[in-house]
Amino acid sequence: MDQPMNWIYNPYCQSYGYREKAVWENNDTYCDLEVKTNPFYQKRPLLDLVDMSIFDFLQGNLDRHSFETFKMFRNDTFFLHFDNGRGFGKKKMDYMSLLAPVRQCCKIRLSTLAKLVKLYTGPDSLSQLLRTSLSSDPLAPVLDELYLDSVDRRVGLVLGAVYDCVNRTGSWDQVVVTDGVV
């Protein structure tokens, strides 16, 4: 029987060695040369890759080796994020390498950017929303205050990476993509 899911290797998978670096870590044009030229990433998946990297950065998850998609949707599919077990591991460490897809591809959905700006400017921060959401969990408190502080700090760092892209490309329209259009 044909499997309904595709296992897709994350092109920005983290390297764990100090001596060996992943290709994308040594090549700032990796997205243009490898990712954007891959037919799979021509449409929605490129923006999903950026969203996934932001999600992983906010939670500090260095362990995203792959993701899954539904085969029947082909390139109009969406990513399924399994295995977030390594998230919220280190409260004080911001793994900037997780933002490589944002920095190198310089694309972000308008809806993602709008949500990040709203979380940054308020009235509710990401930490406040998480605190409220997790307060009814039987294991509350699920995250301590230092973890909650880290997500707010990381929202600002994502916005800084997007700002750098706009400055580098010289165009808001080249970086910020209307949802569904690449």
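Some observations on this one:
- Selected residue (criterion: surrounded by the fewest Cβ atoms within 10 Å (Cβ to Cβ)) from residues of the range 30-63 that are free of Cβ contacts under 8 Å to residues at least 60 places away in the same chain, of a type outside the set (D, E, K, R) and assigned to a loop (DSSP other than H, G, I, E, B): 37
- All positions within the range 18-74 that are under 30 Å from residue 91 (Cα atoms) and of a type in the set (A, V, I, L, M): 22, 23, 46, 47, 49, 50, 52, 54, 58, 62
- Restricted to the range 149-172, and to residues there that are within 15 Å of residue 112 (Cα to Cα) and open to solvent by 40 Å² or more (accessible area, probe 1.4 Å), the residue that is farthest from the chain's Cα centre (by Cα) is 172.
- Scanning the range 35-58 for residues that are under 18 Å from the mean Cα position of the chain (by Cα) and more than 18 Å from residue 108 (Cβ to Cβ) turns up just one, 40.
- Check on residue 146, open to solvent by 40 Å² or more (accessible area, probe 1.4 Å) and either within 19 Å of residue 106 (Cβ to Cβ) or at pLDDT 95 or above (or both): no
- Test: residue in the range 47-66 that is over 23 Å from residue 130 (Cβ atoms) and either at pLDDT below 75 or small (Gly, Ala, Ser) (or both): yes
- Qualifying residue in the range 6-29 (condition: closer than 16 Å to residue 176 by Cα, open to solvent by less than 30 Å² (accessible area, probe 1.4 Å) and either within 12 Å of the chain's Cα centre (by Cα) or modelled with pLDDT under 90 (or both)): no
- Filter pass, residue 128 being surrounded by 12 or more Cβ atoms within 10 Å (Cβ to Cβ), at pLDDT 90 or above and within 26 Å of residue 10 (Cβ to Cβ): no
The values are calculated or read from the model by the stated rules, or taken from the named source; none is laboratory data. Here the structure is a predicted model, which means the values were calculated and not measured. Glycine also receives a Cβ, built like all others from the backbone with ideal geometry; neighbour counts cover every protein chain displayed. Side chains are part of the model used for accessible areas, which takes the heavy atoms of the whole protein and leaves out ligands, DNA and RNA. Shrake-Rupley method; radii C 1.70, N 1.55, O 1.52, S 1.80 Å.
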